[in-house]
Amino acid sequence: MKYVDPDATEDWENTAGTKLKSASGWSVGGNGTDEYGFSALPGGLRWSGSFYDVGNGGGWWSATEADATRASYRGMYYGHGYVDSAWHNKTIMFSLRCVRDFAAPQ
């Protein structure tokens, strides 16, 4: 989050969520400015066979693992401007964002 909000000292103080969220598609009062073209949408999550927070929040897995059962994620919620960072069990289904490295050989 330091790239998007270099002045934030704590995760919950950053404004990165507002800057990364899509300008439409979130619950009332939750849209962002999409300053970086990330266009984050609130896909919610799936856990234990059910979907939660679709339209209200979204979570994205990072490539960082804590151990064999947990990994790092980043999350955004409609009522907050920050991006959350935490470790979650890998059985929770968050979204993925694939990024192509155009410098890599094809």
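The numbers here are math on the coordinates, done by the rules we state, and not lab data. Being a predicted model, the structure only gives us computed values, none of them experimental. No Cβ is skipped: glycine too gets one built from the backbone with ideal geometry, and neighbour counts run over all protein chains shown.
In this rough spin-label picture, where each label sits 7 Å from Cα along the Cβ direction, the Ala63-Thr91 distance is 2.8 nm.
So how do 65-73, 38-46, 83-91 stack up, highest first, on mean other-Cβ count within 10 Å? Mind dumping the intermediate values first?
Values: 65-73: 13.3, 38-46: 18.0, 83-91: 14.9.
Going from most to least packed, we get 38-46, 83-91, 65-73.
Here are some values of P(r) over Cα pairs in 5 Å bins from 0, in percent: [x] 2, 8, 10, 8, 6, 6, 6, 7, 5, 4, 4, 6, 7, 8, 7, 5, 0; [y] 2, 12, 24, 26, 20, 11, 4, 1; [z] 2, 13, 20, 22, 20, 13, 6, 2, 0. Which one was computed from this structure? So the calculated entry is the one marked [z]. The mean sequence separation of alpha-carbon pairs under 8 Å and at least six residues apart, normalised by the residue count of the chain, gives a relative contact order of 24 percent.
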